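Written below as structure tokens is the structure these notes are about.
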Amino acid sequence: MADSDDLELKDLGQGGGMMAEDDPDAARTAADLQAVFDIPVHVSAVLGKANMQVSQLLKLGRGAVVELDRKVGEAIDIYVNNRLVARGEVVVVEDRLGVTMTEIIKGGRGG
């Protein structure tokens, strides 16, 4: 059985791989996790960061451009409850922005 950092949907018996009814450990794991499936989490996709003085911030107006520390095409950081969990790319889904994960960060604390 995979450790908690390597847990995937297939390990829960949802999707590819062995189904829960075929593997008693998977069935138990899925049942154990069922209690947390409805807990809300805060997800943030950070395009980049900038440092500025309060006086500079107060001078910003409509149409102002703030230069970020990332280059065009560089991966963005994805945080769950203020913890860095992945990196990804910005995508357009119909008329909304979205994020696709390209790299999972295992055990990282980010900051």
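The values are calculated or read from the model by the stated rules, or taken from the named source; none is laboratory data. Bear in mind that the values here come from a model prediction, so they are computed numbers and not experimental data. Methodologically, a virtual Cβ is constructed for each residue, glycine included, from the backbone with ideal geometry; neighbour enumeration extends over all protein chains shown.
Taking the residues in the range 82-103 that are basic (Lys, Arg) and closer than 13 Å to Val46 by Cα as candidates, determine which candidate is surrounded by the most Cβ atoms within 10 Å (Cβ to Cβ).
Of all residues in the range 82-103, those basic (Lys, Arg) come to 83, 87, 96.
Pick out the ones that are also closer than 13 Å to Val46 by Cα and you get 83, 87.
Details: Arg83: 13, Arg87: 17.
Taking the candidates together, the pick is Arg87.
In the range 83-103, the count of residues that are touching a residue at least 24 places away in the same chain (Cβ under 8 Å) and in contact with a Ser or Thr (Cβ under 6 Å, 6 or more places away or on another chain) is one or more.
Annotation: of all residues in the range 44-81 being under 17 Å from the mean Cα position of the chain (by Cα) and of a type in the set (S, T, N, Q), the one that is surrounded by the fewest Cβ atoms within 10 Å (Cβ to Cβ) is Asn81. Based on this model, can you work out whether Leu57 counts as in a helix (DSSP H, G or I) and either modelled with pLDDT of 90 or more or polar (S, T, N, Q) (or both)? Taking the combined requirement at face value, the residue satisfies it. Among the conditions (1) in a loop (DSSP other than H, G, I, E, B); (2) modelled with pLDDT of 95 or more, the only one that Gly110 does not satisfy is (2).
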